[in-house]
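Here the structure comes first, spelled out in structure tokens, and everything after it is commentary.
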Amino acid sequence: MNFLEKIGMPLLHKVDPEKAHGLAINALQLGAAASPGLVTSARLRTHFAGLDLPNPVGLAAGFDKNATALLGLSRAGFGFFEVGAATPRPQPGNPKPRLFRLTEDQAAINRFGFNNDGMEAISARLSHRPKDAVIGLNLGANKDSEDRAADFAKVLAHCGTHLDFATVNVSSPNTEKLRDLQGKAALSALLAGVMEARAGLDRKIPVFLKIAPDLTADELAEIAEVALESGLDAIIATNTTLDREGLRSAHRDEKGGLSGAPLFEKSTRVLAQLSKLTEGKLPLVGVGGVSNAEQAYTKILAGASVVQLYTALVYGGLSMVEDIVRGLDELLARDGFANVAEAVGTKREDWL
């Protein structure tokens, strides 16, 4: 944590969490946040799902929902970052309050409900994106849509020209019945529509699928099967959880998705199971509870080719990104790996 963060973070934590998040976005827009620029090395450079990344540490969707801080994020040390989720039409999301800090647990609970400015506004901002960054968009569906499955394809068709990758998000717990789209038949049909939309773009971009951590072994097996059959380029494991086991914070019973430290073990086990199910045929993104280099490395050893983080920034500040990336480089060197790919899945069995 740098000097400004040591002063500013305690003050931000006295403010309503959603307002504090808005202030963090403002700081990025004004250039007042940590900006180490490109952080890379020969070990860290990664080829993932057709993308050439300077390092394997990315920002998960949800931080910059409306693509308003693209330049600041491109200078924050991430190897890639994901904005959104975007829906076809703007929507306000669920009533406030809808974001809660669980400080004792180093976690957060949110029930935003895909609040965003809509695909037209987000696409317009992405059209002015920094060209040297790797930027993806999380695709969502409107809460009141008559055909939610079609919404994902609609957003991709509208925004795809400006993207390096897109993520199908059917795993948010905050839009009623959205997770029902993770079922085999529904997911196959949805992905067929998304792939058709991708085929209509000027260039082929990778499409990822983000899944929930609360799936049964049978459900995971079905998702792996559909993913391999549909032509997906990667799976992101995982989104937030509905589990509340072991929490101590006063807000532990709030409705919504739990993210942060308590999710680390659960999401890593799902990651390892997916790695085994897909037999290395589909690269994986490890998300959930990453707050330091050792945890990022653990995700890679369990089967992730790259990782993403978000909630840890609430407690560690944006400067932690550079610390994680450089720490990961040191861990790879310590264990004799020439690059990230050599380390992927080498300790998967520890999590099965």
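The values are calculated or read from the model by the stated rules, or taken from the named source; none is laboratory data. Owing to the predicted nature of the structure, the values given are computational and were not obtained by experimental measurement. Glycine gets a Cβ as well: all are built from the backbone with ideal geometry, and neighbour counts include every protein chain shown. To get the accessible areas, we keep the full protein, side chains included, count just its heavy atoms, and leave off ligands, DNA and RNA. Shrake-Rupley method; radii C 1.70, N 1.55, O 1.52, S 1.80 Å.
Couple of notes before you dig in:
- Entry comment: accessible area of the stretch 220-352 is 40 Å² per residue, from protein heavy atoms only and a probe of 1.4 Å.
- Part-to-part distance (alpha-carbon centres) for the stretch 52-73 and the stretch 291-352, which is given in Å: 17 Å
- Of the residues T268, A341, A108, the one whose Cα sits farthest towards the positive end of the charge dipole of the chain is A108 (charges of +1 on Lys and Arg Cβ, -1 on Asp and Glu Cβ, taken about the Cα centre).
- With every protein chain in place, the stretch 45-178: carbon and sulfur % of accessible area (1.4 Å): 49 percent
- Charged-residue dipole, Cβ positions (Lys, Arg, Asp, Glu), the chain about Cα centre, Debye nearest 20: 640 debye
- Global form of the chain, assessed from the alpha-carbon gyration tensor, a/c cut-off 1.5: rounded
- Only DSSP H runs of four or more residues enter the estimate; each adds -39500 (n - 2.57), and after division by the residues of the chain the mean residue ellipticity at 222 nm equals -11000 deg cm²/dmol.
- Accessible surface, per residue, of the stretch 1-109 when the full set of protein chains is kept, probe 1.4 Å, Å²: 44 Å²
- Tensor-based shape of the stretch 201-259 (alpha-carbon gyration tensor, a/c under 1.5 rounded, otherwise prolate or oblate): oblate
- Based on alpha-carbon atoms, the Kirkwood radius and the radius of gyration of the stretch 216-352 give Rg/Rh equal to 0.98.
- Judged by the ratio a/c of the largest to the smallest principal axis of the C-alpha gyration tensor, the stretch 306-352 counts as oblate, that ratio being 1.5 or greater while a/b is no larger than b/c.
- Cα-based equivalent ellipsoid, the stretch 1-154: semi-axes from gyration tensor eigenvalues, Å: 25, 23, 14
- Choice from E342, E176, E322 showing the highest fluctuation, given a GNM over the chain with Cα pairs closer than 10 Å: E176
- Taking amide H as placed 1.01 Å from N in the peptide plane, L309 has its amide H under 5 Å from the amide H of G58, L59, A60, each at least 5 places away in sequence or on another chain.
- With loop membership from DSSP and a limit of 16 other Cβ atoms within 10 Å, the longest segment of the chain without trypsin sites (Lys or Arg not before Pro) is 46-130.
- DSSP bridge pairs, the stretch 97-189: antiparallel proportion in percent, nearest 5: 50 percent
- The portion of the accessible surface of the stretch 225-311 made up by carbon and sulfur, rounded to a whole percent, is 45 (1.4 Å probe; DNA, RNA and ligands excluded).
- Looking at the stretch 208-251, the GluC sites (Glu not before Pro) that sit in a DSSP loop and have at most 13 other Cβ atoms within 10 Å of their own Cβ are E245.
- Considering only S188, S172, S41, the Gaussian network model of the chain with Cα springs below 10 Å gives its largest mean-square fluctuation to S41.
- DSSP-defined antiparallel bridges as percent of all bridges, the chain, nearest 5: 30 percent
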